[in-house]
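The next block holds one structure in the form of structure tokens; read it before the comments.
The values are calculated or read from the model by the stated rules, or taken from the named source; none is laboratory data. Note that this is a predicted model, so its numbers are computed, not measured. Virtual Cβ from ideal backbone geometry, glycine too; neighbours counted across all protein chains shown. When the accessible area is computed, the model is the full protein with side chains, heavy atoms only, and any ligands, DNA or RNA have been set aside. Shrake-Rupley method; radii C 1.70, N 1.55, O 1.52, S 1.80 Å.
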Amino acid sequence: MDLKQFEADNSGSCRLASGIPDVCRTEDCCLGVDEAGRGPVLGPMVYGICFCPVSKKEELKDLKVADSKTLTEAERENLFQKLDEANGYVGWALQILSPNMISTSMLQRTKYNLNALSHDTAIGLIQYALDSGVQLKEVYVDTVGPAEKYEAKLSQRFPGVEVTVRPKADSLFPVVSAASICAKVARDRVVKGWNFAEDLGEIETDYGSGYPNDPKTKEWLLKYLDPVFGYPQFVRFSWSTAQTLMDSKAVTVHWDDDEEDGEKAAQRQNNRSMLSYFSASAEGDRTQQTHRFFSERRLKSLNSL
């Protein structure tokens, strides 16, 4: 699994894939879909598919694949290696969705919620397998939202393919378990080797589980909250945990509008306006390190023109 493409730009979305086994282009195949990292406030969400000929289902089962959440990291890595080595009849593909991409999608003017993003990503991966020549006859999916509605949606989108959507599908169907392992291994590797675009100095990498209710995760979020610019792109800033911390700990910004003067309105609310922020930096408080937003754009504060 080569993550270089995503590591070069971890602000968007990236697809990784194995080769397509020749047998998958000539025999009827089954395919499983699952994700890793849907709930955490830190790091990407990764969707994975795994596919093999229907005639090889038992061989896939013999690899002892299981729901990735029930396995240790070492066990997942070992099983992923076995899946990768079984490339004569097993193929996989992944879609890595960065925290930045997830949050900007959810907060854009036309709302694009996590369920819709998840459905579209799964559909995109299934379509990728079909476009690559995989002879899909059976698709098994771990549900997102009501299983019956999701199954009907996928069946309509892929006529001629038998679609099964179930809760906990990763513990019911080995091909979904295999997809779950691929996705979880990718997410673990991405999180462990995350390349911070922001200049944060010697950064603490003990994030905890990344889930909002983890005390270690909350401590990390508090430590790396910039009062003006918020969080590094490693954080899903659309999550309520991150938003609550920003509301309580970050600088309040009053946006100027047509109805009242921004400076005066900010003073009435005992806040600093955006203009006063820039003028204050020009007046003498130069001990604070310049944020990369300014340095990358070569912006400096001036006393006079």
- Message: If I ask for residues that are open to solvent by less than 80 Å² (accessible area, probe 1.4 Å) and of a type in the set (F, W, Y), which ones from region 187-217 would you list?
- Response: W194, F196, Y207
- Just wondering, is there one or more residues in region 197-217 that are under 19 Å from C50 (Cα atoms), of a type in the set (S, T, Y) and not in a loop (DSSP other than H, G, I, E, B)? no
- Note on the structure: Scanning region 214-246 residue by residue, those modelled with pLDDT under 90 and β-branched (V, I, T) turn out to be V228, T241, T244
- Select from region 218-231 the residues that are surrounded by fewer than 20 Cβ atoms within 10 Å (Cβ to Cβ) and touching a residue at least 12 places away in the same chain (Cβ under 8 Å) and list them in ascending order. K218, L222, K223, Y224, L225, D226, P227, V228, F229, G230
- The number of residues in region 21-39 that are surrounded by fewer than 24 Cβ atoms within 10 Å (Cβ to Cβ) and either small (G, A, S) or more than 19 Å from L79 (Cα to Cα) (or both) is 8
- Note on the structure: Filter region 53-69 for residues that are touching a residue at least 40 places away in the same chain (Cβ under 8 Å) and open to solvent by 80 Å² or more (accessible area, probe 1.4 Å); the one that is farthest from A129 (Cα to Cα) is K69
- Quick check, is R76 of a type in the set (D, E, K, R) and touching a Gly at 6+ places or on another chain (Cβ under 9 Å)? no
- Has region 88-102 got any residue that is open to solvent by 50 Å² or more (accessible area, probe 1.4 Å) and closer than 14 Å to V33 by Cβ? no
- Message: Given (1) closer than 23 Å to A147 by Cβ; (2) in a helix (DSSP H, G or I); (3) at pLDDT 90 or above, identify the lone condition not met by C24.
- Response: (1)
- Query: Taking the condition of a type in the set (D, E, K, R), surrounded by 15 or more Cβ atoms within 10 Å (Cβ to Cβ) and under 23 Å from the mean Cα position of the chain (by Cα), does E73 pass?
  - Reply: no
- Contact list, first residue from region 141-167 and open to solvent by 70 Å² or more (accessible area, probe 1.4 Å), second anywhere and acidic (D, E), beta-carbon distance below 6 Å, six or more apart or interchain, is E162/E138
- Item | Residues that are in contact with a helix residue (DSSP H, G or I) (Cβ under 7 Å, 6 or more places away or on another chain), at negative phi and surrounded by fewer than 15 Cβ atoms within 10 Å (Cβ to Cβ), drawn from region 113-136 | N113
- Note on the structure: Flagged in region 134-168 as closer than 17 Å to V54 by Cβ and outside any loop (DSSP other than H, G, I, E, B), in numbering order, are L136, K137, E138, V139, Y140, V141, E162, V163, T164
- Are there any pairs, at least 6 apart or on different chains, whose C-beta atoms fall under 8 Å, with the first in region 168-186 and closer than 18 Å to D2 by Cα and open to solvent by less than 10 Å² (accessible area, probe 1.4 Å) and the second of a type in the set (S, T, Y) and outside any helix (DSSP H, G or I), and if so, which? A183/Y47
- So which residues in region 21-49 are closer than 17 Å to E138 by Cβ and either over 23 Å from the mean Cα position of the chain (by Cα) or among the basic types (K, R) (or both), if there are any at all? P21, V23, C24, R25, T26, E27, D28, C29, C30
